[in-house]
Amino acid sequence: MSGRATVKRQFGHRARLALSPVEVSAADAQAHAARTMWNLLHAWWQMMPKDKRTFADADAAIRQARKDVDFLAVLPAQAAQAVLKAYVQAWKNCWEGRAGAPEFKGRFRSAMSVDVPQGRDLHVQRVHRRWGQVNLPKVGRVRFRWTKGLPVGKAAGSENRLTGARLVRDAVGWHIAFRLTTVEAEPEPHPGPEVGIDVGVAVPLTLSDGTTFTHGEWLTEKEKNKLLLLEQRAAHRKTHRKPGEHTSRRPHRTYDQIAKLRAKAKRRANDWQQQTTTAIARAYGTVVVEALAITNMVKSAKGTIDAPGKNVAQKAGLNRAIAAEAWGRTVTMLTYKTARNGGNLVKVPAPGTSQRCSVCGHTTPGSRESQAAFVCKNPDCGWSGNADHNGARNVLHLYRIGLVAIPAAGRAVVRRARRVKPPTAR
């Protein structure tokens, strides 16, 4: 790093844990204890007068609770302190308008998690190419899937280190999310070309140079048939349940199987996004995308009683398709990945990019004859081609003429600026 500035990075890395049944039971017990600690703290907070709601009094309350309630002892003391800090921070977020007020955590509604606030307790070690080992307080030495280089051994210094972790359980199983801090040299300016990206449903990503990124179904036919059968079974059991009636665990087992299949599809989609955005960030120096108001795009068309909407079912299907592609997550990944590779990401205004001809610049609402076909209505042009490719070229054109969108007070503001050429490599 001689002669080059350094930058401090804080990021996370999630890995799958390989736990035995005994270790799974221990991790479950800690997660339930952490949830109970949160609920007890919430009840104490509501019961105490405002002048008694201090961090010191809350700390004394959870210490006393660990003595009075036997099963809370399975939760490490540092994890209990992390619950207290998270609860206090939740109230700060509420007071500052960033979130709602904290609530009780239900057994089946809340995610199971346990925090390991100090990285020195983890003692991460790589066993071989595929697996590593980590120490979990009151659980033991367990294995995790090694998919990313972690600062262990000589690589773990004061600059590159693990600052903590969090154990999280989803429908697939237990995972560990490491918190890392590294000091790296600033990347050299990316010498790659500029590219515009058009996002869609039929074709997820289309680049201005003609490259497309597509994917198939996230579940196999066998998995989709199984999911349909489980959903029908869950609906059938729900119809025979009376309000307030105590039922068996069979519906919950069905719900768990449904959640496991959906989580598997979500993981496959996330893996495709990670690989695709990494390939784009490595190949191009400037990536230009549209500043889409995705929240407005997926609003329901149901309307009101006085003014009912039209094509409600079709709009609902389109909303689900847009949400499944997760365009916002793609942009987020491209933002930090282009920065790490020395490039940059720019947003341009979205209106008109699908109706403008990228050859002559003529804009006509009827030029896009179908989802995939674009035909210019300008009699002096008449160019025809792929609609997504045409949109991607228009996105890049807006950047080249200096028309960019900058976020301001939660909305996109269009600004015409001088185009800044990417710096040459030093």
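The values are calculated or read from the model by the stated rules, or taken from the named source; none is laboratory data. Values in this document were obtained by computation on a predicted structure and should not be read as measured data. FYI the Cβ positions are ideal-geometry reconstructions off the backbone, even for glycines, and counts take in every protein chain you see.
The table that follows gives values for the structure above.
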{"quantity": "Subset tally (residues that are under 25 Å from the mean Cα position of the chain (by Cα) and small (Gly, Ala, Ser)) for the range 171-222", "calculated": "7"}
{"quantity": "Test: residue in the range 240-257 that is of a type outside the set (Ser, Thr, Tyr), assigned to a loop (DSSP other than H, G, I, E, B) and surrounded by 11 or more Cβ atoms within 10 Å (Cβ to Cβ)", "calculated": "yes"}
{"quantity": "Meets criteria (in contact (Cβ under 8 Å) with a residue 60 or more places away in the chain and in contact with a strand residue (DSSP E or B) (Cβ under 6 Å, 6 or more places away or on another chain)) for residue 82", "calculated": "no"}
{"quantity": "Residues that are surrounded by 14 or more Cβ atoms within 10 Å (Cβ to Cβ) and at pLDDT below 90, drawn from the range 141-162", "calculated": "150, 151, 152, 156, 160, 161, 162"}
{"quantity": "Boolean, residue 79 is surrounded by 13 or more Cβ atoms within 10 Å (Cβ to Cβ) and under 16 Å from residue 27 (Cα atoms)", "calculated": "yes"}
{"quantity": "Selection count, the range 1-53, where residues are farther than 30 Å from residue 132 by Cβ, polar (S, T, N, Q) and exposed (fewer than 14 other Cβ atoms within 10 Å of the Cβ)", "calculated": "2"}
{"quantity": "Restricting the range 103-115 to residues that are in a loop (DSSP other than H, G, I, E, B) and charged (D, E, K, R), the residue that is modelled with the lowest pLDDT", "calculated": "109"}
{"quantity": "Flag if residue 172 is assigned to a strand (DSSP E or B), closer than 26 Å to residue 33 by Cα and in the same structural domain as residue 32 (by TED's automatic domain parsing)", "calculated": "no"}
{"quantity": "Options 133, 118; residue that is assigned by TED's automatic domain parsing to the domain that holds residue 36 and either touching a Pro at 6+ places or on another chain (Cβ under 7 Å) or at pLDDT below 90 (or both)", "calculated": "118"}
{"quantity": "Residue, farthest from residue 330 (Cα to Cα), within the range 216-239, restricted to residues that are in contact with a helix residue (DSSP H, G or I) (Cβ under 6 Å, 6 or more places away or on another chain) and either exposed (fewer than 14 other Cβ atoms within 10 Å of the Cβ) or among the aliphatic types (A, V, I, L, M) (or both)", "calculated": "234"}
{"quantity": "Residue count, the range 344-401 (criterion: without any contact (Cβ under 8 Å) to a residue 24 or more places away in the chain and among the charged types (D, E, K, R))", "calculated": "4"}
{"quantity": "Any hit, the range 31-54, residues being assigned by TED's automatic domain parsing to the domain that holds residue 178, small (Gly, Ala, Ser) and within 30 Å of residue 151 (Cα to Cα)", "calculated": "yes"}
{"quantity": "Check on residue 102, touching a residue at least 12 places away in the same chain (Cβ under 8 Å), over 18 Å from residue 168 (Cβ atoms), surrounded by 18 or more Cβ atoms within 10 Å (Cβ to Cβ) and within 31 Å of the chain's Cα centre (by Cα)", "calculated": "yes"}
{"quantity": "Residue match in the range 302-322 (condition: in contact with a helix residue (DSSP H, G or I) (Cβ under 7 Å, 6 or more places away or on another chain) and without any contact (Cβ under 8 Å) to a residue 60 or more places away in the chain)", "calculated": "yes"}
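Results for (1) among the basic types (Lys, Arg); (2) at pLDDT 80 or above; (3) touching a strand residue (DSSP E or B) at 6+ places or on another chain (Cβ under 7 Å), shown as yes or no for each residue.
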| position | (1), (2), (3) |
| --- | --- |
| 327 | no, yes, yes |
| 339 | no, yes, no |
| 342 | no, yes, no |
| 347 | yes, yes, yes |
| 353 | no, yes, yes |
| 357 | no, yes, no |
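Yes/no per residue for (1) in contact with a Ser or Thr (Cβ under 6 Å, 6 or more places away or on another chain); (2) closer than 30 Å to residue 353 by Cα; (3) of a type outside the set (Gly, Ala, Ser):
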{"position": "169", "(1), (2), (3)": "no, no, yes"}
{"position": "177", "(1), (2), (3)": "no, no, no"}
{"position": "193", "(1), (2), (3)": "no, yes, yes"}
{"position": "199", "(1), (2), (3)": "no, yes, yes"}
{"position": "207", "(1), (2), (3)": "no, yes, yes"}
{"position": "218", "(1), (2), (3)": "no, yes, yes"}
{"position": "238", "(1), (2), (3)": "no, no, yes"}
{"position": "253", "(1), (2), (3)": "no, no, yes"}
